[in-house]
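Colleague: Can you keep this structure in mind? I'll have questions shortly.
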Amino acid sequence: MGKLWGGRFTKQTNHLVDEYTASIGFDQALAEEDIQGSLAHVTMLGKCGIVPQEDVETIKAGLQTVLEKIRRGDIEFSVADEDIHMNVEKNLIAEIGPVGGKLHTGRSRNDQVATDMHLYLRKRVVELAGMLHELQKSLIGQARDNLDTIIPGYTHLQRAQPILFAHHLMAYVSMFQRDIERLMDSYKRINVLPLGAGALAGTTFPIDRHFVAEQLQFDRVYENSLDAVSDRDFIVEFLSHASIIMMHLSRLSEELVLWSSTEFNFIELDDAFCTGSSIMPQKKNPDVPELVRGKTGRVYGNLMGLLTVLKSLPLAYNKDMQEDKEGMFDTVATLEGALQLFAPMIATMKVNKGRMREAVNQDFSNATDIADFLVGKGLPFRQAHEVIGKTVLYCIQQGKYLLDLTLEEFQQFSPLFDDTIYRVLQPETVVNARNVYGGTATDQVAEAIKRGEVLLSMTEQWLAEHV
């Protein structure tokens, strides 16, 4: 059998053209969505009296048979048939005869492929939101277990002020919450039906697009047929959100790599999420966070690739738009792979509380609190800042830390110092002094964990409604 569109042509397509333009090598991932859309479409054709009901039932049975064969791996897709749509239709006609050709009545591959991608991405954003939710649960679990664990807080990767390790982890819970909310919001723009737009201008058949939308559980239909077949904003938006998620994962990955090093020794990743060296038997390498950090670049590349494809395309459909799929599939696979590993990796992570406390005791991250102490005694902040700068310099020269100084040593820099300075400088005091909403004080972080658990419940409700 020749090509389904071959009537206009007098020559066979060059086999190199077939290979170059075919998308079946990757868009076969849309097989289930393609048949899902076709079942709704042919049901509508029967409802509207466009195709006899007997033929509709024959086509629906044939589509189900083709779907079962695809799931079993019994169908070999053909490059000569270009894409998943033509491959499914060719197999349908082989299964039920010429009546299968009626399936394509009132639609084009242009609105068909757009529908497939909406169906595909709609399902994936829910799955990805669920995976982010699991990661948040792991982070909150570790935060709950480490409400008494103090760690140096950093700016410029220099020790700045002591904070609760739970507070640090909850910062990532907030990041991933924004990611979940972005995915939830994007669902509104993904869940729009393009089918019925035809090639670009609609169709002469009396179809019912809103009926198809109901069948496929779309919230609404595209208002403009040109926009329906040429819109890829929903994929660009997904790739953008995915890039931000990967950026967040990469930042956390970088910290896991640092924290698990001998120099930090703040955490130990479970053996199940690490690998060894082929030559150095003592090594335990944090390959999972390293690879996630590395794969962030490919997701960024997929976003830039599609933006570049779309930047100068006239309306409506152009063959360039075939390039919208591989980056989308790759990004979904990359994100799913990372998130499947991250939640259990965080959940099984061992926290070296003693080493973290040792690090806090051996730095000057409590210096700001001395300045605040002097301000409380009436010294202007700028003068207090200078006093503490000189005090820290003295400590460095003497090989001491602030808590090692005698009261006499303190008082050589300011007579305002008294015995209460030693309580002020204790890490617990420093942490709990920041008792403001969003701060690192134990009570504040405990409340943040409670708020995080409420967000988990809200996400679970959304997921249940959209699965």
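The values are calculated or read from the model by the stated rules, or taken from the named source; none is laboratory data. Keep in mind the model is a prediction, meaning the values are calculated, not measured. Positions of Cβ are generated from backbone atoms using ideal geometry, with glycine treated the same way; all protein chains shown enter the neighbour counts.
Colleague: Can you pull out every residue in region 62-79 that is assigned to a helix (DSSP H, G or I), surrounded by fewer than 20 Cβ atoms within 10 Å (Cβ to Cβ) and not hydrophobic (A, V, I, L, M, F, W, C)?
Modeller: If the condition is that a residue be assigned to a helix (DSSP H, G or I), surrounded by fewer than 20 Cβ atoms within 10 Å (Cβ to Cβ) and not hydrophobic (A, V, I, L, M, F, W, C), then 64, 65, 68, 69, 71, 72 are the ones that fit.
Colleague: For residue 1, which of the numbered conditions (1) modelled with pLDDT under 95; (2) hydrophobic (A, V, I, L, M, F, W, C); (3) not in a loop (DSSP other than H, G, I, E, B) fails to hold?
Modeller: (3)
Colleague: Sticking with this structure for a sec: Against the conditions (1) surrounded by fewer than 15 Cβ atoms within 10 Å (Cβ to Cβ); (2) at pLDDT 95 or above, where does residue 232 fall short? Just the number, please.
Modeller: Unmet for residue 232, out of (1) surrounded by fewer than 15 Cβ atoms within 10 Å (Cβ to Cβ); (2) at pLDDT 95 or above: (1).
Colleague: Is it the case that residue 186 is farther than 22 Å from residue 347 by Cβ, assigned by TED's automatic domain parsing to the domain that holds residue 259 and small (Gly, Ala, Ser)?
Modeller: Judged against the criteria, residue 186 is a match.
Colleague: So which residues in region 34-61 are touching a residue at least 12 places away in the same chain (Cβ under 8 Å), surrounded by fewer than 23 Cβ atoms within 10 Å (Cβ to Cβ) and in a helix (DSSP H, G or I), if there are any at all?
Modeller: 35, 36, 39, 40, 43, 47, 55, 56, 58, 60, 61
Colleague: Quick one: which of 339, 307, 249 is loosely packed, with under 15 Cβ neighbours inside 10 Å, touching a Leu at 6+ places or on another chain (Cβ under 9 Å), in a helix (DSSP H, G or I) and not charged (D, E, K, R)? Can you show your working first?
Modeller: Working: 339 fails: loosely packed, with under 15 Cβ neighbours inside 10 Å; 249 fails: loosely packed, with under 15 Cβ neighbours inside 10 Å.
So the residue among 339, 307, 249 that is loosely packed, with under 15 Cβ neighbours inside 10 Å, touching a Leu at 6+ places or on another chain (Cβ under 9 Å), in a helix (DSSP H, G or I) and not charged (D, E, K, R) is 307.
Colleague: Here's another thing I want to ask about it. Does region 97-136 hold any residues that are in a loop (DSSP other than H, G, I, E, B) and free of Cβ contacts under 8 Å to residues at least 60 places away in the same chain, and which are they?
Modeller: Scanning region 97-136 gives a single hit, 97.
Colleague: Does any residue of region 143-150 turn out to be touching a residue at least 24 places away in the same chain (Cβ under 8 Å), buried (at least 16 other Cβ atoms within 10 Å of the Cβ) and assigned to a strand (DSSP E or B)?
Modeller: Yes, some residue in region 143-150 is touching a residue at least 24 places away in the same chain (Cβ under 8 Å), buried (at least 16 other Cβ atoms within 10 Å of the Cβ) and assigned to a strand (DSSP E or B).
Colleague: Within region 291-304, identify whether any single residue is over 25 Å from residue 346 (Cα atoms), crowded, with 18+ Cβ neighbours inside 10 Å and assigned by TED's automatic domain parsing to the domain that holds residue 122, and answer yes or no.
Modeller: yes
Colleague: Take the residues in region 271-304 that are among the basic types (Lys, Arg) and assigned to a loop (DSSP other than H, G, I, E, B), then tell me which one is nearest to residue 236 (Cα to Cα).
Modeller: That would be 284.
A quick yes/no check of all residues on (1) acidic (Asp, Glu); (2) modelled with pLDDT under 95; (3) not assigned by TED's automatic domain parsing to the domain that holds residue 329:
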position	(1), (2), (3)
237	yes, no, no
240	no, no, no
248	no, no, no
253	no, no, no
256	no, no, no
272	no, yes, no
279	no, yes, no
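Colleague: A further question on this structure: When residue 94 is evaluated against the numbered criteria (1) part of a helix (DSSP H, G or I); (2) at positive phi, which criterion, by number, is the only one it fails?
Modeller: Condition (2) is where residue 94 drops out.
Colleague: Related question: Every residue in region 252-268 that is part of a loop (DSSP other than H, G, I, E, B) and more than 20 Å from residue 175 (Cβ to Cβ), please.
Modeller: Once the filter is applied, which keeps residues that are part of a loop (DSSP other than H, G, I, E, B) and more than 20 Å from residue 175 (Cβ to Cβ), region 252-268 yields 260, 261, 262, 263, 264, 265.
Colleague: Restricted to region 370-416, and to residues that are in contact (Cβ under 8 Å) with a residue 24 or more places away in the chain and aromatic (Phe, Trp, Tyr), which residue is nearest to residue 360 (Cα to Cα)?
Modeller: The extreme case among them is 401.
Colleague: Filter the helices (runs of 4 or more DSSP H) completely within region 352-427 down to those with at least 1 residues that are hydroxyl-bearing (Ser, Thr, Tyr) and within 22 Å of residue 153 (Cβ to Cβ).
Modeller: Result: 367-376, 381-398, 421-424.
Colleague: Further, regarding this structure: Of all residues in region 240-291, count the ones that are within 20 Å of residue 330 (Cβ to Cβ), of a type in the set (A, V, I, L, M) and touching an Asp or Glu at 6+ places or on another chain (Cβ under 7 Å).
Modeller: Residues that pass the stated criteria total 2.
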